[in-house]
1. Leaving out ligands, DNA and RNA, what percent of the accessible area of the chain is carbon and sulfur, probe 1.4 Å?
2. Express the C-alpha Rg of the range 1-160 as a ratio against the empirical globular expectation 2.2 N^0.38 Å, rounded to two decimals.
3. Starting from the Cα of LYS48, draw a straight line to each of the aspartates and glutamates and keep only those under 18 Å, dropping any in the same chain fewer than 8 residues away.
4. Mind checking which lysines have their C-alpha under 23 Å from LYS232, skipping anything on the same chain fewer than 8 residues away?
5. Using a/c under 1.5 as the rounded threshold, could you call the range 50-144 rounded, prolate or oblate? The axes a ≥ b ≥ c are square roots of the C-alpha gyration tensor eigenvalues, and prolate needs a/b larger than b/c, oblate otherwise.
6. Looking only at LEU201, LEU80, LEU13, which one moves most when the chain is put into a Gaussian network model with springs between Cα atoms under 10 Å?
7. Report the residues of the range 88-113 in range of a label on ALA82: point 7 Å along Cα→C-beta, backbone N strictly under 12 Å from it.
8. Please give me, ordered by residue number, the GluC sites (Glu not before Pro) of the range 166-229 that lie in loop per DSSP and have at most 15 other Cβ atoms within 10 Å.
Amino acid sequence: MYGIASRRAADELIAQGRVDLNGKTVTELGTKANPDQDDIRVDGRRLKVAPVKRYLLMYKPAGVVATRSDPQRRQTVIDLVAAAGVTGYFYPVGRLDYDSEGLIILTNDGEFAERVSHPRYEMERTYEAVIEGIPDERDLERLRKGMLIDGRRTLPARVKQLRVVSGKRGTQSVLEFVIREGRNRQVRKMCDAIAHPVAKLRRTRIGNVTDSVLRPGDFRDLTAGEIRELTKPTGKDTKKSGSES
């Protein structure tokens, strides 16, 4: 049984009548219990069970908040997980603003969340932005080299124009951004700075993790390979350990 050192130890406790499950004494060996839902007690004390670590990759729709709760009572990414019948305590890793859509990770593993979202690791994130008008090469170079946003210069970014499309307000450009920081509404503010505001923004990749099958509101578990890829050591880890030694 969950939270007890071994199956044999659990059987001994059950045989002695010391285990309660949801208020009833367990009498049958091999009784199943769900630690996320059931109240499991030994000698009257509730077992503290470490949750199974889980990592969800979600396609967040526009109009959904990437937080655990919202004072304005707007729908959150946690609401989407709960509506699908998934239980447990999850929180989003990093930001993705209300008006934007695309990939975001949810987890209950704090160490993993820090590794993916902390600025010092400079985890790359890829976005596809539909912007108003057609920026010239000078504008694109400003985006690439870094610019002052909210009083701080952005890190150099990889930016390229993918195509030109027709929008409701006229000609629009589709740009791909690869950035290494997660500042609030960063891509939108960068585009505002070159006078080509964003009409639509979608995150398409986190590190090397992507998924072209997920649709808005859908989510899946990250694979073991994807988790390893997101947490593999980098030069940033070496610098951190060296500075702390």
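The values are calculated or read from the model by the stated rules, or taken from the named source; none is laboratory data. Worth saying up front: this structure is predicted, and the values here are computed from it rather than measured. When we count neighbours, we look across all protein chains shown, and the Cβ atoms used for this are built from the backbone with ideal geometry, even at glycine. Note: areas computed on protein heavy atoms with side chains; ligands, DNA, RNA excluded. Shrake-Rupley method; radii C 1.70, N 1.55, O 1.52, S 1.80 Å.
1. Working: 6640 of 14140 Å².
Roughly 47 percent of what the probe reaches on the chain is carbon or sulfur.
2. Details: Rg = 23.8 Å, N = 160, 2.2 N^0.38 = 15.1 Å.
Compactness ratio reported: 1.57.
3. The reachable aspartates and glutamates, counting only those whose Cα sits under 18 Å from LYS48, are ASP20, ASP36, ASP38, ASP39, ASP109.
4. LYS53, LYS240
5. Working: a/c = 2.95, a/b = 1.63, b/c = 1.81.
Oblate shape, in that a/c is at least 1.5 and b/c is the bigger or equal ratio.
6. For the chain, modelled as a Gaussian network with Cα springs under 10 Å, the answer is LEU13.
7. 88-90
8. Numbers: sites: GLU176, GLU181, GLU226, GLU229; in loops: GLU181.
Sparse-neighbourhood loop GluC sites (Glu not before Pro): GLU181.
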